[in-house]
1. Please give the residues of the range 206-234, grouped as numeric ranges, whose backbone N is less than 19 Å from a label point set 7 Å along the Cα-to-Cβ vector of Arg291.
2. Dipole size in debye (nearest 20) for the chain around its Cα centre, Lys and Arg Cβ +1, Asp and Glu Cβ -1?
3. Set Lys and Arg Cβ to +1 and Asp and Glu Cβ to -1, take the dipole of the chain about its Cα centre, and tell me which of Pro166, Gln92, Ile476 lies farthest positive.
4. Round to a whole angstrom and tell me the spacing of the C-alpha centers of the range 191-236 and the range 488-549.
5. Across all directions of projection, what mean area in square nanometres is found for the Cα convex hull of the range 387-486?
6. Per residue of the range 398-410, in order, report the coupling 6.51 cos²θ - 1.76 cosθ + 1.60 (Karplus, θ = phi - 60°) as ³J(HN,Hα) in whole Hz, putting x for Gly and Pro.
7. In nanometres, what is the gap between the two model label sites at Gln576 and Arg663, each 7 Å from Cα along Cα-to-Cβ?
8. Rounded to two decimal places and with Rh computed the Kirkwood way over Cα pairs, what is Rg over Rh for the range 108-175?
Amino acid sequence: MTGDSMDSVLRYFAHSEVRPSQIDMVKDGMDALLGDGFLLASAPTGIGKTAAALASAIAAQRTSTEHLRILFLTGRQSQHKIVVDTINKINQQMPDNEGTLRLVDLIGREGMCRNVDRMSGRCDCEEDLDGNLREELRADVRSQMFRQSMHVDDVIRISRRVKLCPWATARDAAKSCDILVCDYNHVFIDNVREASLPSMGIELENCILIVDEAHNLPDRVRNGLERRAIAKIFRDSRFEVQEHLERERERASQSAEETELEHMEWLEKALKRLENDMPSWFSAREKELSRSDSDDMRIETTSLLDEIDAILNESIEDTHSTPYSSLRKLVKQLFLVKVESSEDDDNEKETSCERLGALIATCDEYKDSPALVLVFDKILDESRVRSFLLDPGVISGELFGICRGSILMSGTLFPPKMYADLLRIPNDRPLIIKEYSSPFLSERRPVLIAQNTTSRYTERGFQNTENIRNHIAEVIRNTPGHVALFAQSYAMLKQILEDDNWIPWGVRTEEERARMSKRDIGEMIQRLYQRRRTKDRVLICGVLSGKLAEGVDYPENILDAVICVGLPVPPPSARQDALREYCVDKFGRDLAGRYSSHQPAVNSLLQAIGRPIRKAEDRALVVILEKRVLQRPYKFCLPESLQVMKTPDSERTARLSKRFFERFPDPAIEPS
């Protein structure tokens, strides 16, 4: 890229000063996108990767002779606001001869509408609105949205003020936007994509994708095909069909319209037969599992499908010559069942019919593919079948092949080549894979690794736990502010905290619980700021890969230190064994362990230690209480840019902690 071309791209950069790493990333992004290609950027937090990615994408968008959209995909609402603020800054400095960028910020309907009826999928936002005014009011709100880019909270507030549906208003505005900020699901989950993008007039082949926190994407794609069912799902589904039938029969008696009574009655009979006969299949699998030494086992996908299809063909008068035709008819009808939701069902997103239909349809789609594995186990006293997608690339590869290029970025997209492999990024177009350095991290975020602690099961014991507690206590004593503690698991966290006499006097503890709501997490973070003002210190405790360790930002240097205990290595399981075997076949034995187990565990650590540093001025001490990080194979999973220091005992940790905070004292920044 020439100097003039670079200057042209940087006019879409939101800030007056550009760091060298940002210039590199802008250049690489533009080089990739001009050829409809891809940039995979491992870029530490604080270097300004959002501004760099947007500058490249906007330049490519404005260079194109076609109308391209930019989809900024992120799973975190805090990032939504950063994108909105960045676009407003760009618009403020946009040349007079260019139109400003039109942005729409979108989240799920449940988050934008007060009440959503699960049976119809509709809300009541516009019940009191004069229908003749709807288009005029939407046009007015759309004009406000494009005059100055709005965060979704502002769209909700303005829409509700005039009795408009915020969700429908935002989706309508998206038809004429340049940039859409939304969740990964709008692209990478089939049913969401098919329902959302066409209705907003968006075609993936005319989109540039920016994937934020892209290290999460493989698991998000995998989770999109995770299905589960217990033996009683056939009974529960039949109850839902009966409820649906009652309403349909009542509607048929009051209307001349045609109904689907005959097909629904067929479905009710089919589910009754499955309810009677499938328990024997579950019982046989349960006996097989009891004879093994494992808690779960793999089963053939066709084993489940063949059993269901055979039962259907025994119980139904129709004769079908095509394999699985009865089974596919069952799936089609299951997805047509609608049930009333109750107050107790508010957190239940799927009905039993939907869960059963999704499991069967997924197994049918991937019955001949090794990319999907079916696992049988027991939870409490219930036998259970679950499907797991081993290879996210079977879905993401095709979608990246359709789009007009993409920037995938994260502070822990490491190594970026692994993510290119896992996601099957097309290599027949420009592909740039790069790690960007941060000039301030090694100095302002030292990483200490203890040599006398571990979470390895065979080495756990009283002395190991005491060593862990001693390191934590010394960090707290020598740290002026709040400290975050992230353990390998809730069980390990409980073990560390059960006797709290070792915690220095005057330090409060805030502990993450499983399945905490976003509101509870938000209130916990706000208390950190409140207690900073009152000079109280907090030890905030969570788990690696949990909400506090990955899903939360800690701005204004509210955390002075982060301590990570253990490595969240996946425990042995049928699913994990299948994943490793699949990786051996696809990537070779040398990479299989790294891709399936070692690197994901280390990346969870990298995510956690990146929490306190949000910008160049921040500083924080990091302590990893796990000696295996210094040993093979895990030491090869650390970025070369990560400068670590070994600490043999808690006394050494105390001295290093004291020395660091003497050099970088409490900045005493008040939250904005």
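All of the numbers you see were taken from the coordinates with simple rules; none came from a lab. Bear in mind the structure is a predicted one, so any value in this text is a computation, not a measurement. All Cβ positions, glycine included, derive from the backbone under ideal geometry; neighbour counts span all protein chains shown.
1. The answer is none, because no backbone nitrogen lies closer than 19 Å to the label point.
2. Details: 95 positive and 110 negative charges, 604 e Å.
It comes to approximately 2900 debye.
3. Ile476
4. 32
5. Mean orientational projected area (the range 387-486, Cα hull): 11.2 nm².
6. Taking θ as phi minus 60°, the curve returns 5, 5, 5, x, 7, 5, 9, x, 7, 10, 10, 9, 5 Hz for the range 398-410.
7. Here the answer is 3.8 nm between the modelled labels.
8. Checking Rg against Rh, the ratio lands at 0.95.
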